[in-house]
Structure formats: C-alpha cells, structure tokens
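Encoded as structure tokens, the structure appears first; notes follow it.
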Amino acid sequence: MRSAILVGASIFGSAFAAAIPAALGSPSVYPALTDKSQLPAVFKLARGSLSNAPPPPQGALSADAITSLQFIEFNELFESAFFLSLLANVTNNVPGFQINDQDERNYVIDSITAIVAQEELHAINADNALRSQLAPTIQPCTYKYGTTSFVDAITFAALFTDVVLGTLQDVIQLLAISKDVGLTRGVAASLGQEGQQSGFFRLVENRNKIPSEQPFLTTSTRDFAFSALQQNVIVSCPNDSILKNKLKLYAPLNVLTTNIPAADQTLNFSIDINTIATSNVFKPASGSWSAYGKTFNAAYDWSQTSIVYINSQNLPVVVKPTNVKVAGTVISFSANFPQNTNLMNGLTLAALTHTAGPFPNASSVADATLFGPGLIEVN
C-alpha cells in the first residue's frame, strides 16, 4: 500500500508500533496466536470473544475438514495482515490514505481496528481447532497488495471479501458432506461477519451503492480462492506447501477489460503459457503440458476451450472464446459476457476450462479448470 509489497512490522518501524494497539501485533507477528495472555485485549478490540466451547476431541475431524481449517487460517492471516497495513497507513496519514473529515477518519479507524481484531480471532479459531487435532498450522506469509490509496484499498478489500464469502459456502457444504457438522455453525458465524464487512466496504467506497449487492451471494470453491490468493497477494510462505499438496492451484486467467459496466458485452482475456509452471494442475509432457488427459502448448487450438462464468447461486454460464490470437507464449481472446441477460451483479468468477460441461455447480467447474479465476465485479 505504501509500496507494492508490505512484509511486516519492519516496514513501518516505530510509527507502526506507536499507532496500532500492541495486542494486534504486526502483519507478520500475531502475539495472541501463541501468547494467550494477549487474548483479552484482542477480545476487547474485536467487540467479542472466541467461543468458550471445547474444541473437537482429538481425531474427531476428517482429513478434508483439516484442509478447510488450514485454508481458513491461510486466508485469515492474509486478511489480518492486509487490514493491519491499511490501519497503519490511515492512522499515519500516508499519502493517498489521508481522510480529511475528522469524524469520518475516526469512524474508519475504529471500524478497521475492530475488523483487524475480528480477523485475527478467525485465524486463531482455526489455529486452535488444528492444534486440537495435532494437525499442522499455517504460518503468516509475505504479501503484496499494490494499492496506493484508501479507495483502492477498500475496493480491493470488497473484492477479496466477496471471494471469501463464496468460499465459506463451499467450506460449509464440504463439512456437511464429511459429517464434520460441529464446525459448520462457527464457519457460518464468521461468514455472516464477513458479509457485514462487505456492506461497510461498499458504502465507504461509494455512498451511492446499496450495502447488499445481490440476494444470493456468488459461490466459490477452496481451489478458486487459494489460486486467487496465490496469484494476487502471496510473495512467499514458509509452509503453504501444505495446501499446495491438497488444493488445485491454477495458472492465472487475466481479465484485460476494466471498468466493466452492467450490460451485455464482450470481455478480453489473456493467458500466458509460461505461467503454467506455477500451477499444479498441469504436468510436463515432452515439451508441452498435460492436464485432464489432454496436451497443451501455444499451438493448441484454444478455441476448443470454454470460458465459464459463476455468479450468484445460478448454474454456471458457458461461452466459447473468440478472436483467439497467439503472440509467443501469450494467448489472448475475447468472450461474450451476458451480464444483463443473466443479472450478473456483484462478483463473477471466470474460468478457462478444457470442456464445455455441462456444469451443475461451481465445484464441477473447478474440476475442469485450466486457468483461473478471473475476478469480475459489476456494481
């Protein structure tokens, strides 16, 4: 935010320490994760506490529930770091983050302080559950944000919160399928809290927006959310290999069209064959790459793939790429985006799949994705 990459307390120095409540720590060190004596101070800042119900008995949770908890901790640590950095920038009047109206500035600082504490408690809640199962916990990463103003940061926060809101739906369903129903109530409670944040971000970003963007929020999957975080904010992590061994990590699908209006239109996309090396979906195959039983390279007929849009709780929408062009390792193409026809408001996830489906749900799209997710917001 002050720069493209924020890596922890050292970037802010003593100003960070002086401006932020000590119990919240820094974007790479969270005292309450290991020092439980810090928890009462965090509870006060968060306006509430962790549940005082006992954790699940050791061995009670399925392997998939462990994966969900590890993803939740991975995501919540990022959110804690992001909002701590934003709080420091606003508090310290970093250029681009000044708020001239004093009452509004105080309101924003109070709100973001609470959000930081609440996100830390989400991370600690997942961490405690993992420790109860003697399962590996996730460590804080080094992150990049690339936002240079308060409005940019709030817009970015609204976007990734929408992705989280969709992904926690997936987590709850997976917990039900694996019969880990004891965790569903807590995840639903944190999902609701994230929804309250989303309405706050929308109003702070633009007072002409209504707080709720659509009646049923766009769903997502752990694979899509993990890939979005890895592609957009992660610089390095000490132990994210835990999740890379369990979740799909796609190569990026770039949405080239910006400022997308609420109308049926054509969008422009690109992919880069060189980014396939960052994905665990593809495997090397004699100078090319293989995935889903097919071989891919720059010479592949990419018009045989599909762009799939996921919005709200509706069936995924499938369209074909058009105007495909190859320039070295970069493949660019266009695709129809039937936004108005399908009332695709709020978040839409786009994925480049190797098949046209049919796709009954977001999970089936994730299971066929080559590149993604492209993140599209229409407000």
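Applying the selection to segment 114-147, what residues are hydroxyl-bearing (Ser, Thr, Tyr) and out of contact with any Ser or Thr (no Cβ under 9 Å at 6 or more places or on another chain)?
Scanning segment 114-147 gives Ser132, Thr137.
How many residues does segment 73-107 contain that are in a helix (DSSP H, G or I), free of Cβ contacts under 8 Å to residues at least 12 places away in the same chain and over 29 Å from Gly186 (Cα atoms)? Give the steps one after another, and end with the answer.
First, pick out the residues of segment 73-107 that are in a helix (DSSP H, G or I): 73-91, 102-107.
In the following step, the residues that additionally are free of Cβ contacts under 8 Å to residues at least 12 places away in the same chain were identified as 102-104, 106-107.
Checking which are over 29 Å from Gly186 (Cα atoms) leaves us with 102-104, 106.
Matching residues across segment 73-107 total 4.
Taking the condition closer than 30 Å to Asp64 by Cβ and of a type in the set (Ser, Thr, Tyr), does Ser270 pass?
Against the criterion (closer than 30 Å to Asp64 by Cβ and of a type in the set (Ser, Thr, Tyr)), Ser270 does not qualify.
I'm trying to understand the selection: among the residues of segment 348-358, which are within 17 Å of Phe269 (Cα to Cα) and either of a type outside the set (Gly, Ala, Ser) or outside the structural domain of Trp302 (by TED's automatic domain parsing) (or both)?
Those that are within 17 Å of Phe269 (Cα to Cα) and either of a type outside the set (Gly, Ala, Ser) or outside the structural domain of Trp302 (by TED's automatic domain parsing) (or both): Thr348, Leu349, Leu352, Thr353, His354.
Of the conditions (1) under 14 Å from Glu76 (Cα atoms); (2) over 17 Å from the mean Cα position of the chain (by Cα), Gln133 satisfies every one except a single condition; which number is it?
(1)
Look through segment 175-225, keep the residues that are of a type in the set (Lys, Arg) and part of a helix (DSSP H, G or I), and return whichever of them is farthest from the chain's Cα centre (by Cα).
Arg185
Given the criteria within 18 Å of the chain's Cα centre (by Cα), within 27 Å of Gly186 (Cα to Cα), surrounded by fewer than 19 Cβ atoms within 10 Å (Cβ to Cβ) and modelled with pLDDT of 95 or more, does Gln139 qualify? Before the answer, list the steps.
Values: within 18 Å of the chain's Cα centre (by Cα): yes; within 27 Å of Gly186 (Cα to Cα): yes; surrounded by fewer than 19 Cβ atoms within 10 Å (Cβ to Cβ): yes; modelled with pLDDT of 95 or more: yes.
Judged against the criteria, Gln139 is a match.
If you take the residues of segment 270-300 that are touching a Lys or Arg at 6+ places or on another chain (Cβ under 7 Å) and part of a loop (DSSP other than H, G, I, E, B), which of them is surrounded by the fewest Cβ atoms within 10 Å (Cβ to Cβ)?
Ranking the candidates gives Asn280 first.
Any residue that is surrounded by fewer than 21 Cβ atoms within 10 Å (Cβ to Cβ), within 22 Å of Ser312 (Cβ to Cβ), touching a residue at least 12 places away in the same chain (Cβ under 8 Å) and more than 15 Å from the chain's Cα centre (by Cα) - is there at least one of those in segment 153-172?
Yes, there is a match, as at least one residue in segment 153-172 is surrounded by fewer than 21 Cβ atoms within 10 Å (Cβ to Cβ), within 22 Å of Ser312 (Cβ to Cβ), touching a residue at least 12 places away in the same chain (Cβ under 8 Å) and more than 15 Å from the chain's Cα centre (by Cα).
Run Pro321 past the list (1) over 17 Å from Val255 (Cα atoms); (2) in contact with a strand residue (DSSP E or B) (Cβ under 6 Å, 6 or more places away or on another chain) and report the number of the one that doesn't hold.
For Pro321, the exception is condition (1).
Matching residues to (1) closer than 30 Å to Val90 by Cβ; (2) at pLDDT 95 or above; (3) among the polar types (S, T, N, Q); (4) in contact with a strand residue (DSSP E or B) (Cβ under 7 Å, 6 or more places away or on another chain):
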site	(1), (2), (3), (4)
Gly195	yes, yes, no, no
Phe200	yes, yes, no, no
Thr219	no, yes, yes, yes
Ala225	yes, yes, no, no
Ala228	yes, yes, no, yes
Ile234	yes, yes, no, yes
Tyr250	no, yes, no, yes
Ile260	yes, yes, no, yes
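Do any strands (runs of 3 or more DSSP E) entirely within segment 301-379 hold 1 or more residues that are modelled with pLDDT of 95 or more and of a type in the set (Ser, Thr, Tyr), and if so, which?
306-311, 322-327, 330-337, 346-353, 369-378
The values are calculated or read from the model by the stated rules, or taken from the named source; none is laboratory data. All figures in this text were calculated on a predicted structure; none of them were measured in a lab. Counting neighbours? That spans all protein chains shown, and the Cβs are built from the backbone with ideal geometry, glycine included.
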